[in-house]
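The values are calculated or read from the model by the stated rules, or taken from the named source; none is laboratory data. Note that the structure is a prediction, hence the values are computed from the model and not measured. Quick reminder, even Gly has a Cβ in these numbers, built from the backbone with ideal geometry, and neighbours come from all protein chains shown.
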Amino acid sequence: MKAVQYVEVGSAPVVVDIPKPTPGPGQVLLKVTAAGVCHSDIAVMSWTAEQLPFPLPLTLGHEGAGIVAEVGDGVRAVKAGDAVAVYGPWGCGMCLECAQGKENYCLRADELGIRPPGLGAPGAIAEYLLVDHERHLVPLDGLDPVETVPLTDAGLTPYHAIKKSLPKLLPGSTAVVIGTGGLGHVGIQLLRAMTAARVIALDVTEDKLALAREVGAHDTVISDAGAAKKIKDMTGGLGAEVVLDFVGAPPTVATAGASVRVEGDVTIVGLGGGTLAVGFGALPYEVSVMSPYWGSRSELIEVLDLARAGSVKVHVETYGIDEAPKAYERLHEGKIRGRAVILP
Ligand code: NAD
Ligand code: ZN
Ligand code: ZN
């Protein structure tokens, strides 16, 4: 089967031909219908050999959807022909976090060598994807796989981050979204669907800000050294209750810290390497700083329910599997509008 792999540290992803996997006991083989392209893959491909926590080659793609092709012994909850989305942050299924559906925070995944597809285990940008357990599958129940597949990460991750801050997102409050790409443009829609907050979106080009407004941002601001001052001006000098940073680079984290108000939340989702000092006096009183990772299984079900209700719609650019390396190039250059989705 065809698969898109990261083969060697520092090289571009390539299309290769590898054997089609066979499901073992408890496993499910999916014929992939759609796979999303996330900026985290670009972060992974920028790491040195020492930083990389898993061996290469790696089949990329941690957002996957497909049709059940074959099931291993003991699988009961899904059957051949079912259309499903894949919950990506696999855990042990047994520890206290996993028992609560928070496999993204599994306490034993490292020790047991359990890794998400596309981030250590073979990923979804391939004709077939082997899923370790039926519990990682959520029925699509009529949702379109192409528009839905980004919700497994670009939807689930902002949903989880926003849910944590819901008590602060009352009517009259302000939420700032920094970076309106794959995650950010879904985050804006989730904020509009889940809260009455005013949404101010930041990005580096007018084109990206146009998408932000199209998907529901009330106001947009170019992300530069003057952005925090503008946000303060727009909030009566107080700042925003919640700042979600989907870039996480040193300048955006600085903007986040300078635009949050007393008792607000700063949530750093992006992997841009920025850090925020939190000692007494470094930030307004009682600001919480969080750095969440992905979301829980139950939250993925909730996000798909929101999509079914028509509350979120991902903007997708589609590519065939042979064009996947080009999609990564365009993402790296900041040229994707919304999310790139590969149709293997
Ligand atoms: P993306 O490339 O689709 O979107 C990033 C957006 O940020 C683009 O629109 C880009 O123009 C904008 N941007 C770049 N520099 C900026 C700046 N200085 N100020 C404002 N905007 C800027 O990326 P994505 O797939 O949405 O991922 C976003 C980030 O989130 C990445 O760092 C990714 O690795 C990370 N991520 C984290 C998690 C998690 O669980 N914490 C999950 C998924 C992705
Ligand atoms: Zn991702
Ligand atoms: Zn666990």
Please state which of the following conditions Gly142 fails to meet, knowing it meets all the rest: (1) in contact with a helix residue (DSSP H, G or I) (Cβ under 6 Å, 6 or more places away or on another chain); (2) within 22 Å of Ala35 (Cα to Cα); (3) not in a helix (DSSP H, G or I). (1)
Being in a loop (DSSP other than H, G, I, E, B) and either modelled with pLDDT under 95 or loosely packed, with under 15 Cβ neighbours inside 10 Å (or both) is the requirement here; does Glu286 meet it? yes
Test Val221 against the stated conditions and say whether it is assigned to a strand (DSSP E or B), away from ligand 3 (no atom under 16 Å from the Cβ), within 19 Å of Gly264 (Cα to Cα) and touching a helix residue (DSSP H, G or I) at 6+ places or on another chain (Cβ under 6 Å). no
Can you pull out the residues in the range 190-216 that are within 19 Å of the chain's Cα centre (by Cα) and more than 20 Å from Ala309 (Cα to Cα)? Ala201, Leu202, Asp203, Lys208, Leu211, Ala212
Over the range 240-258, the set of residues in a helix (DSSP H, G or I), touching a residue at least 40 places away in the same chain (Cβ under 8 Å) and either in contact with a Ser or Thr (Cβ under 8 Å, 6 or more places away or on another chain) or more than 14 Å from ligand 1 (Cβ to nearest atom) (or both) is Thr252, Thr255
Report yes if some residue within the range 167-184 is basic (Lys, Arg), at pLDDT 95 or above, under 29 Å from Cys98 (Cβ atoms) and away from ligand 3 (no atom under 16 Å from the Cβ); otherwise report no. yes
Scanning the range 32-57 for residues that are surrounded by fewer than 24 Cβ atoms within 10 Å (Cβ to Cβ) and aliphatic (A, V, I, L, M), which turns out farthest from Leu151 (Cα to Cα)? Ala49
Taking the range 327-337 and keeping residues in contact with a His (Cβ under 8 Å, 6 or more places away or on another chain) and either within 14 Å of ligand 2 (Cβ to nearest atom) or farther than 13 Å from Gly184 by Cα (or both) leaves Leu331
Filtered residue count, the range 182-214, keeping only those that are touching a helix residue (DSSP H, G or I) at 6+ places or on another chain (Cβ under 8 Å), assigned to a loop (DSSP other than H, G, I, E, B) and surrounded by fewer than 24 Cβ atoms within 10 Å (Cβ to Cβ): 1
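Table: residues versus (1) in a helix (DSSP H, G or I); (2) more than 9 Å from ligand 3 (Cβ to nearest atom).
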site: Val68; (1), (2): no, yes
site: Asp73; (1), (2): no, yes
site: Ala77; (1), (2): no, yes
site: Ala80; (1), (2): no, yes
site: Val84; (1), (2): no, yes
site: Gly88; (1), (2): no, yes
site: Glu97; (1), (2): yes, no
site: Leu107; (1), (2): no, no
How many residues are assigned to a helix (DSSP H, G or I) and surrounded by fewer than 23 Cβ atoms within 10 Å (Cβ to Cβ) if we restrict to the range 116-139? 2
